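The following block contains the structure, expressed as structure tokens.
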């Protein structure tokens, strides 16, 4: 059991968790981009990769401000979310259905990150760590925008997945 006797210790724990999570996301996003077939989705993953590099740099800066090295702690939640994304990559069937699954996996990641950044920002604000809070807020804003972009892309992808599924269903019915 981890000992976190103060809000300051809890803030550090949260930032280290996010640092680990973002670093592991750097490895997953190129695979997700490669698996995506929708042009906008592929571009979205590629663009978010560049943003994620900035997120890692901000977290390293936050840790430095707090007098700590840029080192994370294992984030089991992100490992699970990345495993789900890997499962989406391997889906057999219409490309649009796989793209829809990739969006779902990516949005789960975004929501996890938004929760983590919002929590850490609140801790930093309570502690008067204003510079850290500003760094966390900047990333929280970007994560929210990434989620909105995924929602916009999903409108097209979901429609494509619906049509692809109906074609398969119709073809199976005609074979009977």
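Bear in mind that the values in this text are calculations on the coordinates, not laboratory data. Quick caveat, the model's predicted, so the values are computed rather than measured. When we count neighbours, we look across all protein chains shown, and the Cβ atoms used for this are built from the backbone with ideal geometry, even at glycine.
Can you name the condition, by its number, that residue 92 falls short on among (1) part of a loop (DSSP other than H, G, I, E, B); (2) within 24 Å of residue 129 (Cβ to Cβ)?
Checking residue 92 against (1) part of a loop (DSSP other than H, G, I, E, B); (2) within 24 Å of residue 129 (Cβ to Cβ), the one that fails is (2).
Follow-up. Yes or no: the stretch 8-30 includes at least one residue that is assigned to a loop (DSSP other than H, G, I, E, B), in contact (Cβ under 8 Å) with a residue 60 or more places away in the chain and over 16 Å from residue 147 (Cα atoms). Outline the logic, then answer.
Taking the stretch 8-30 and keeping what is assigned to a loop (DSSP other than H, G, I, E, B), we get none.
So far as the stretch 8-30 goes, no, none of its residues is assigned to a loop (DSSP other than H, G, I, E, B), in contact (Cβ under 8 Å) with a residue 60 or more places away in the chain and over 16 Å from residue 147 (Cα atoms).
What residue, of 159, 70, is without any contact (Cβ under 8 Å) to a residue 60 or more places away in the chain and closer than 18 Å to residue 12 by Cβ? Working first, answer last.
Values: 159 fails: closer than 18 Å to residue 12 by Cβ.
Among 159, 70, only 70 is without any contact (Cβ under 8 Å) to a residue 60 or more places away in the chain and closer than 18 Å to residue 12 by Cβ.
Tell me the residue from 67, 72 that is out of contact with any helix residue (DSSP H, G or I) (no Cβ under 8 Å at 6 or more places or on another chain) and not in a helix (DSSP H, G or I), please. Walk me through how you get there before you give the answer.
Details: 72 fails: out of contact with any helix residue (DSSP H, G or I) (no Cβ under 8 Å at 6 or more places or on another chain).
Exactly one of 67, 72 is out of contact with any helix residue (DSSP H, G or I) (no Cβ under 8 Å at 6 or more places or on another chain) and not in a helix (DSSP H, G or I), namely 67.
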